[in-house]
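Encoded as structure tokens, the structure appears first; notes follow it.
The values are calculated or read from the model by the stated rules, or taken from the named source; none is laboratory data. The structure presented is a predicted model; accordingly, all values stated were derived computationally and were not measured. Every residue, glycine as well, gets a Cβ built from its backbone with ideal geometry; the counts of neighbours run over all protein chains shown.
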Amino acid sequence: MRSMQLIIKPKNKNKMKKSTKFKELCKTYGVDYKLVPEVLSFEDACAATGNDPINVPIVNHLPERHQKRLIADYKLSVIADALRENKDVNYNTRDYKYFAVFLVEADEQRLSGFGLSCGAYVVWYSCSVVGARLCFENRDTAIFFGKHFLALHIDHHLLT
């Protein structure tokens, strides 16, 4: 009689063993590697989400000044999906949602800086003017997303 081996695959990618490189990056960024899925590139994100990294939006018919932003937006959206492990964000809950936040100081190349911070409330009213497409369930993932993919965020948010 043959013996059979039972192979158990982790259900959650977060539980899978993480690389030393990833753990070091998380330490550098000040985040807990246990809370962040290991997604180090757009290609990693495509593999995790089932997207083809070759198929990015065709934008060459649009003004050149907007092309980088549109491609960066697509790439950041795929990366965010991978970091959320393909789970949709439930916008109908009162659960906290976390975003990467940036402060851009004005200089000779960027004549106007900005900071993203918003909060307003009174007893009967609250609002947020921050988009939710690139949000996460925990602070660590949002920080990793902002710091590790900073070049894409620059292309997305600033005229480069």
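For the range 60-67, state whether one or more residues are under 26 Å from LEU158 (Cβ atoms), touching a residue at least 40 places away in the same chain (Cβ under 8 Å) and not in a loop (DSSP other than H, G, I, E, B).
Yes, because at least one residue in the range 60-67 is under 26 Å from LEU158 (Cβ atoms), touching a residue at least 40 places away in the same chain (Cβ under 8 Å) and not in a loop (DSSP other than H, G, I, E, B).
If you check HIS153, HIS148, which single one turns out to be over 21 Å from ASP32 (Cβ atoms), in contact with a Phe, Trp or Tyr (Cβ under 8 Å, 6 or more places away or on another chain), modelled with pLDDT of 80 or more and not acidic (Asp, Glu)?
HIS153
Table: residues versus (1) under 25 Å from GLU38 (Cα atoms); (2) modelled with pLDDT of 95 or more; (3) exposed (fewer than 15 other Cβ atoms within 10 Å of the Cβ).
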| position | (1), (2), (3) |
| --- | --- |
| ARG69 | yes, no, no |
| LYS75 | yes, yes, no |
| ALA82 | yes, yes, no |
| THR93 | no, no, yes |
| GLN109 | no, no, yes |
| GLY115 | no, no, yes |
| ALA132 | yes, no, yes |
| ASP140 | yes, yes, no |
| THR160 | no, no, yes |
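All but one of (1) among the basic types (Lys, Arg); (2) more than 15 Å from the chain's Cα centre (by Cα); (3) under 22 Å from ARG139 (Cα atoms) hold for LYS97, so report the exception by its number.
(2)
When the residues of the range 27-56 are narrowed to those that are part of a helix (DSSP H, G or I) and acidic (Asp, Glu), which ends up surrounded by the most Cβ atoms within 10 Å (Cβ to Cβ)?
Within the range 27-56, the match that is surrounded by the most Cβ atoms within 10 Å (Cβ to Cβ) is ASP44.
Would you say VAL104 is closer than 17 Å to PHE149 by Cα and modelled with pLDDT under 95? Step through it out loud before you land on a result.
On the way: closer than 17 Å to PHE149 by Cα: yes; modelled with pLDDT under 95: yes.
For VAL104, the condition - closer than 17 Å to PHE149 by Cα and modelled with pLDDT under 95 - is met.
Could you list, in sequence order, the residues of the range 75-98 that are closer than 11 Å to ARG133 by Cα and part of a helix (DSSP H, G or I)?
The answer is LEU76, SER77, VAL78, ALA80, ASP81.
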